[in-house]
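A quick write-up on the structure given underneath.
The values are calculated or read from the model by the stated rules, or taken from the named source; none is laboratory data. As the structure is a computational prediction, the values presented were derived from the model and not from experiment. All Cβ positions, even for glycine, are placed from backbone atoms using ideal geometry, and neighbour counts span all protein chains on display.
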Amino acid sequence: MSQTNVVSVPRPTAVRIPLREIVPWAVFTTVLALLVLLFVTTEAGAVSLVSDGLVHEFVHDGRHLLAFPCH
Amino acid sequence: MMKTLLVRGMLAGLAAGLLAAVFAFFVGEPSVENAIALEESHSHAAPHDHGSGSGSGGAEPHGHSGESGAAPEAGHGHGDDALVGRGVQLTLGLLTGTTGYAVAMGGLLAIAFAVAQGRVTTLRPRMSVTLLAAGGFAVAVLVPFLKYPANPPAVGQAGTIEDRTALYFGFLALSVVTAMVAVAAGRAVADRIGAAGGGLLGVGTYVTVMAVAGALLPAVDEVPGDFPGSLLWDFRLASLGTQVVLWCVLGLVFAVLTEKALAGKTRGRGSRDGLAVTVGQ
């Protein structure tokens, strides 16, 4: 019937964080990450929010070497 | 717990950005400098027009240091009268770029781990993180790179930057979404046909979708005829290497930090052996 085996497992128990706890942080992080990515990868290339080219020139080399389309 | 994970993810990102910048400075900058030198010599010799009249996309003036009155948003300067000097671009600017990117990726990696751990993977935390980082590199960098590889200065027509950006980010977004769907599908199937089968189905779905999309989407081929092939190779290799360094450091540092963060949450610090799991039958 309900036989119980005790098995020794060489690793910690699986941590499982409730989704309810994750979601607000996920939204917050994603929005922030996208904002940072916009400035690092796209600002004053195809999209321009500040539009004086300063951001573009400042992160110019990083944008090229991180493989994003720069200009 | 989420706050702890996020902070550690971003700390790992900080370390990753720093080391990636060091790698990019020593390995990548020489080819960027060479490409800029080529670009400047072209723009001084003749009106800057990358492609030889292929007609796709009106060639906007792509101004560089010497050219007067070029609109800042159309081109950018590399020379003395640029908004940001080369000395700043290849040090502080480079560092800011890689660090900003890496910290953002660290935050997202922390979220991905929080969702995946205990749901998709029950491996020990540092294994899960390492696999997630490897997957993140493949999905967010390697696959987009294979279709739309990095280009140095002097490669790419100014008039097509919007199309190229849209294509790159479109392909990147497709890659990320496809990967998430493939993982979810593989996970759902794994309960019935086993982990190996689920993994194969997930990877197979992802590879198939991306291969088809890669074949259907338009190619970008704007390398000027006189641009040295070896320089292009050096730049692209350095660019990929920068990303490899970044994701390796990000994954490994976050793996160690996460393992430590979760050690207290399981039974007793450091007692990773002899933990009993009850299996009812």
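Taking the listed residues B:Val139, B:Val120, the one that is β-branched (Val, Ile, Thr) and under 20 Å from B:Met10 (Cα atoms) is B:Val139, with no other qualifying.
Residues are listed down the side, and each one gets a yes or a no for (1) surrounded by 19 or more Cβ atoms within 10 Å (Cβ to Cβ); (2) part of a helix (DSSP H, G or I); (3) more than 7 Å from chain A (Cβ to nearest Cβ):
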position	(1), (2), (3)
B:Leu90	yes, yes, no
B:Gly97	yes, yes, no
B:Gly107	yes, yes, no
B:Phe113	yes, yes, yes
B:Met127	no, yes, yes
B:Ala134	no, yes, yes
B:Val143	yes, yes, yes
B:Ala150	yes, no, no
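Every condition in (1) modelled with pLDDT of 95 or more; (2) within 14 Å of chain A (Cβ to nearest Cβ); (3) surrounded by 18 or more Cβ atoms within 10 Å (Cβ to Cβ) holds for B:Val176 except the one numbered (3). Scanning the stretch A:14-44 for residues that are at pLDDT below 85 and surrounded by fewer than 22 Cβ atoms within 10 Å (Cβ to Cβ) yields A:Ala14, A:Val15, A:Glu43. Flag not set for B:Asp226, criterion: surrounded by fewer than 17 Cβ atoms within 10 Å (Cβ to Cβ) and touching a residue at least 60 places away in the same chain (Cβ under 8 Å).
All conditions but one from (1) modelled with pLDDT under 50; (2) at the interface with chain A (Cβ under 10 Å from one of its Cβ atoms); (3) buried (at least 20 other Cβ atoms within 10 Å of the Cβ) apply to B:Ala71; the one that does not is (3).
Condition test on B:Phe235, is it surrounded by 18 or more Cβ atoms within 10 Å (Cβ to Cβ), modelled with pLDDT under 95 and not in a strand (DSSP E or B)? Judged against the criteria, B:Phe235 is not a match.
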